[in-house]
1. A 25 angstrom limit on the alpha carbon distance is what I want to check against. Which of Lys305/Lys343; Lys140/Lys258; Lys87/Lys143 exceed it?
2. Which FRET efficiency value, to the nearest 0.05, is calculated for Gln149 and Met470 with the Förster distance at 45 angstrom and r the Cβ-Cβ distance?
3. Students often get this wrong, so check it: of Lys57/Lys355; Lys275/Lys418; Lys318/Lys345; Lys72/Lys119, which have C-alpha atoms separated by over 31 Å?
4. What is the gain in length, in nm to one decimal, between Lys57 and Arg486 on full extension, counting 0.36 nm per residue of separation less the C-alpha to C-alpha distance?
5. What ³J(HN,Hα) values, in whole Hz, does the Karplus curve 6.51 cos²θ - 1.76 cosθ + 1.60 give for the stretch 343-348 when θ = phi - 60°, with x put for Gly and Pro?
6. Quick one: which of 198-208, 219-229, 120-130, 163-173 comes out on top by average Cβ neighbours within 10 Å, and what's the full order, highest first?
7. Applying 1/(1 + (r/R0)^6) with R0 = 25 Å to the Cβ-Cβ distance of Glu247 and Gln414, what FRET efficiency is obtained, to the nearest 0.05?
8. Please report the projected area of the stretch 183-432's Cα convex hull averaged over all directions, in nm².
Amino acid sequence: MEIIQDQEEGFSARHRWSGWINIWFSVVSALVLVIALNYFSHRHYQRTSWTDNLQHKLSARTEQLLTEMTNKVDIIVFYDRTESTYKMVDELLRKYGHINKNLTINSIDPLQHPKLARKIQAKFRLSEEQNNVVIFSANKRHKIISQGQLSRVNVKTMERSDFLGERLFTSALLAVSNSEQPTVYCLTGHGEHSITNLNSSGYGEFGQLLGEMNTRVRDLSLQQQTTVPGDCRLLIIPGPKTELNLEEQRSLNRYLDKGGRLLVLLNHRSNGGIKSLLRFWGVSIGDNTVLDPDNTLGDGSITLKNYVYHPVVQALQKESLPVRLLLPRTVSPLPESDPLAAKQKMQPLIQTGQKGTAYRNFLNNENNSKPVPEAGPGSLPVAAVVERDTLAELKTDDLARIIVIGDSLFLSNQMIDKEGNRELAWHSVNWLLDRSNLLKTIGPQPIKNYRFEFKANEFSRLALILIGIMPVGTLAIGSLVWLRRRT
């Protein structure tokens with residue numbers, strides 16, 4: 001019996017030591033694994049969000065700007081943290097900060113830090129009531145984005161429908177970090193869309209977009225000033241209703257001969273008297289109205305995404321994002337037999353579908369007769385781009401550039417946010433200004449709202465499940481477990 005007892009004690013001791021060794025080995029292994037995971041997660045990580053409204057990947061345009069930006073920018077989130085948009089602002093700026101370490105982001109709640117809030121209000125000249133803003137500051141310049149600018153509100157439901165933070169934040173970074181601020185002139189004096197008018201047919205929203213693009217916007221009347229100013233980097237002709245006189249057209253031609261940049265938006269009732277000027281630069285505009293039954297919406301506008309590959313439309317083509325035009329006219333290249341066609345590089349940008357048809361006198365049909373087709377059916381061009389080296393003999397890079405779009409209403413306040421209209425404006429202006437690094441798209445981030453509504457009988461069923469069935473079920477399962485253990 002003693003021999004058997006010694007063997008059992010020895011066997012038991014050996015197992016005890018083996019158990020302790022296993023425990024220590026497990027602990028050490030776990031520590032090594034935790035350290036290794038922390039090391040690799042610190043060097044190789046990817047941020048993501050499990051919240052629907054925060055789950056948004058930065059656009060290629062923003063990532064490129066953040067990667068190339070080398071100067072330091074201070075960002076102050078001067079925000080009440082209980083506001084509904086604060087989390088979206090904070091999460092978006094954290095993504096910016098993870099890409100570019102030169103961004104210093106400070107979040108200050110004016111209700112929790114009143115003394116610091118007064119200093120910020122004094123420094124950036126904010127009123128005492130002006131809270132919930134994001135301030136970008138660098139190079140002795142600053143840009144302020146307010147909460148009202150950050151989202152669109154659905155007038156019918158009074159709910160926020162789109163979060164515009166990335167578009168505005170990226171524009172603000174560009175404004176404070178880039179010292180160059182080109183001057184853009186908008187032609188006036190012929191019934192054009194006003195760049196400051198906020199009515200439905202005005203161009204106020206487009207004017208704000210030009211400001212977001214870090215440009216200086218001014219009006220230009222060639223009736224009072226006979227030449228285009230020397231600091232003009234881009235001239236916009238926004239849908240003239242009356243004709244430009246011969247001297248004004250000569251001024252435009254001289255400006256283009258020096259390598260000028262021109263964005264022409266045609267009114268649906270008038271070509272502005274610049275038909276001969278554009279023909280000299282390789283563009284033929286039609287005195288017609290283009291209809292496309294396959295792409296027509298209920299309000300009479302047409303949505304088009306038949307793009308011809310070009311930097312102006314490549315981002316829209318990649319995203320399959322259409323533009324919405326209203327009563328456009330044809331914008332076509334000159335026939336190859338025309339001697340003016342060989343002087344410049346001209347190509348269409350946007351075309352209709354296969355059933356596009358151009359009608360003459362469609363809008364001025366006094367006799368109510370059936371409109372007569374002038375061109376089509378077929379893919380008809382409604383926008384085009386022109387390049388010409390005006391100093392070819394000197395071999396310079398000073399190219400004259402023109403974009404002609406057969407509709408001006410698509411950039412009105414009523415239509416600029418339809419489909420890809422804003423993006424087309426952004427890309428057109430940037431291409432004309434030689435900003436190739438900005439020819440990528442930033443779309444609005446949709447804000448998803450979830451609402452649960454119950455009828456009276458449905459609410460009673462839900463209450464029965466939550467108050468009756470679930471507690472009773474939990475007790476029943478607990479009783480079964482207790483009985484099982486007892487037996």
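1. Result: Lys305/Lys343; Lys140/Lys258 exceed 25 Å.
2. FRET efficiency, Gln149 to Met470: 0.50.
3. Lys57/Lys355
4. 148.9 nm
5. 7, 9, 9, 10, 8, x
6. Those peptides, ordered most packed to least, come out 163-173, 198-208, 219-229, 120-130.
7. Step by step, r from the Cβ atoms, then E = 0.15.
8. Taking the Cα atoms of the stretch 183-432, their convex hull projects to 13.8 nm² on average.
Read-outs throughout are calculated quantities, based only on the coordinates presented, and are distinct from any laboratory measurement. Model, not experiment: these values are computed from the prediction. Note: ideal-geometry Cβ built from the backbone for every residue, glycine included; neighbour counts use all protein chains shown.
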